[in-house]
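Below: one structure, written as structure tokens.
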Amino acid sequence: MIRRELSAVPATPQKAGKGVSMQMLLSLEEVPNFAMRCFSIEAGGHMPHHTNTVEHEQFVLSGRARVRVGDESFEAKAGDILYIPANAPHSYETIGDEAYTFLCLIPKGEDCITIMGC
């Protein structure tokens, strides 16, 4: 059993994008099947177009963002649930004055990230 407060988990700035930070809530070293992460993209920030070799399950906690997955682009907002298949190109750009914050679960396995051009 693991229990911790969100405020006790450090936020790590991410090198890719602008205004992006990540909290590792449950790592694959701690749990057997899925890592749980919390990403925050500041107002005016973005995460560049990229791919991951593992799927993503996401739940949006706050804010709004223009999300691009493959050839599809849509607005995601608090309360939305997203599934991003492995190797699908995707990106995020915040909309409005609030940070876009979401939980992101990834399965056990090597997650290689490739940043793509626009």
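Partner lysines whose Cα lies under 26 Å from the Cα of residue 77, excluding those fewer than 8 positions away in the same chain, are identified as 15, 18. Under a 5 Å amide H cut-off, with hydrogens placed 1.01 Å from N, residue 99 pairs with 43 among residues at least 5 apart or on other chains. Here's the picture: charge each Lys and Arg Cβ at +1 and each Asp and Glu Cβ at -1 in the chain, and of 74, 85, 95 the one pushed furthest to the positive end of that dipole is 95. The charge dipole of the chain, taken about the Cα centre with unit charges on the Cβ atoms of Lys, Arg (+1) and Asp, Glu (-1), comes to about 180 debye, rounded to the nearest 20. Taking a virtual spin label 7 Å from the Cα of residue 86 along the C-beta vector, which residues in the range 46-61 bring their backbone nitrogen under 12 Å of it? Once the point is set 7 Å along Cα→Cβ of residue 86, 52-56 turn out to lie under 12 Å by backbone N, inside the range 46-61. Where in the range 42-75 does the label zone of residue 110 land, with the point 7 angstrom along Cα→C-beta and an amide N cut-off under 19 Å? Hits in the range 42-75 for residue 110 at 19 Å: 51-56. Electrostatic tally near residue 54: other residues with Cβ closer than 13 Å to its Cβ, Lys and Arg +1, Asp and Glu -1, net -2. Less than 5 angstrom separates the built amide H of residue 49 from those of 116, all sequence-distant by 5 or more or on a different chain. Packing, taken as the mean count of other beta carbons within 10 Å per residue, orders the peptides 73-83, 20-30, 34-44 from highest to lowest as 34-44, 20-30, 73-83.
Taking the fewest neighbouring Cβ atoms within 10 Å as the starting point, the ordered list for 113, 95 is 113, 95.
Rule-based calculations on the coordinates, nothing more; no lab input. Here the structure is a predicted model, which is why all the values come from computation and not from measurement. We place every Cβ from the backbone using ideal geometry, glycine too, and count neighbours over all the protein chains shown.
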